[in-house]
Amino acid sequence: MRLYYLSLLALLALPAGAVEKGFQSLFNGKNLDGWVLVGGKGPGYVAQDGILVCPADGGGNLLTEQEFSDFVFRFEFRLTEGGNNGVGIRAPLAGDIAYSGMEIQILDHDAPVYQGKLKPAQYHGSIYDVVPAKTGFLKETGEWNQEEITAIGRKIKVVLNGTTIVDADLDTITDSAVLKKHPGLARTFGRIGFLGHGTKVDFRNIRVMPVTAQ
């Protein structure tokens with residue numbers, strides 16, 4: 001199997017608003033065309049000056065209309081203090097996507113409100129409640145972070161600001177209790193989206209490259 005995609009260094013050299021070869025933009029910067037909101041709270045999500053905003057009084061699951069199997073998903077995000085969101089992958093429309101699909105955690109885990117309350121697999125970048133991420137690679141609150149999530153077969157990889165923080169093989173998860181609690185680990189396709197929890201988090205440069213084995 002061979003994957004073809006640009007390095008993050010090449011990404012940094014692109015002009016603002018450009019989309020890398022092979023990628024498709026998922027957010028037009030103006031409205032939520034191409035997305036569906038499930039279980040929206042308050043204003044849900046809003047398009048504002050080219051940024052997808054999950055307001056502090058908003059949230060819910062904002063999912064792509066399109067479904068994906070194997071892919072590279074890239075985006076930038078900016079946290080406020082205590083910001084809590086997530087990326088749903090291979091997600092269905094129904095259920096709690098942390099369990100019915102998979103959730104890659106987006107969290108200002110250093111915020112005072114979370115101290116002493118988090119399990120290892122709840123820190124930023126973790127496959128929520130399943131695979132813990134390496135920590136120490138988030139930028140300061142209020143700065144833009146770059147993240148890449150790659151899902152190829154049973155392999156899930158998360159790169160934050162150029163550092164791999166998760167490199168997981170789902171086939172190594174054999175605990176029957178975990179598998180029963182997380183049936184979404186067995187899914188092979190679904191939607192990509194953001195899972196808001198009533199805190200302000202901003203997103204931009206949201207794009208995906210579907211991948212096929214060669």
Task: Mean separation of Cα contacts under 8 Å (6+ apart) over length of the chain, as relative contact order % - done: 32 percent
Task: the stretch 78-214 - charge dipole about Cα centre, Lys and Arg +1 at Cβ, Asp and Glu -1, debye rounded to 20 - done: 360 debye
- [ ] Scan the stretch 165-214 for chymotrypsin sites (Phe, Trp or Tyr not before Pro) in coil per DSSP, keeping those whose Cβ has at most 16 other Cβ atoms within 10 Å, and list them by number.
- [x] 189
Open item on the list: I'd like to know which of 170, 79, 54 lies farthest towards the positive end of the charge dipole of the stretch 44-177, counting +1 on Cβ of Lys and Arg and -1 on Cβ of Asp and Glu.
Closed with: 170
Open item on the list: Restricting to DSSP loop positions (anything but H, G, I, E, B) with no more than 14 other Cβ atoms inside 10 Å of their own Cβ, which trypsin sites (Lys or Arg not before Pro) remain in the stretch 119-181?
Closed with: 139, 154
TODO: Read phi for every residue in the stretch 122-138 and hand back ³J(HN,Hα) as whole Hz from Karplus 6.51 cos²θ - 1.76 cosθ + 1.60, θ = phi - 60°, with x for Gly and Pro.
DONE: 10, 6, 3, x, 5, 6, 3, 6, 10, 10, x, 9, 5, 10, x, 10, 6
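We did not get these values from a lab; they are worked out from the coordinates using the rules stated. This is a predicted model, so every value here is computed, not measured. As a convention, Cβ positions derive from the backbone with ideal geometry for all residues, glycine included, and neighbour counts pool all protein chains shown.
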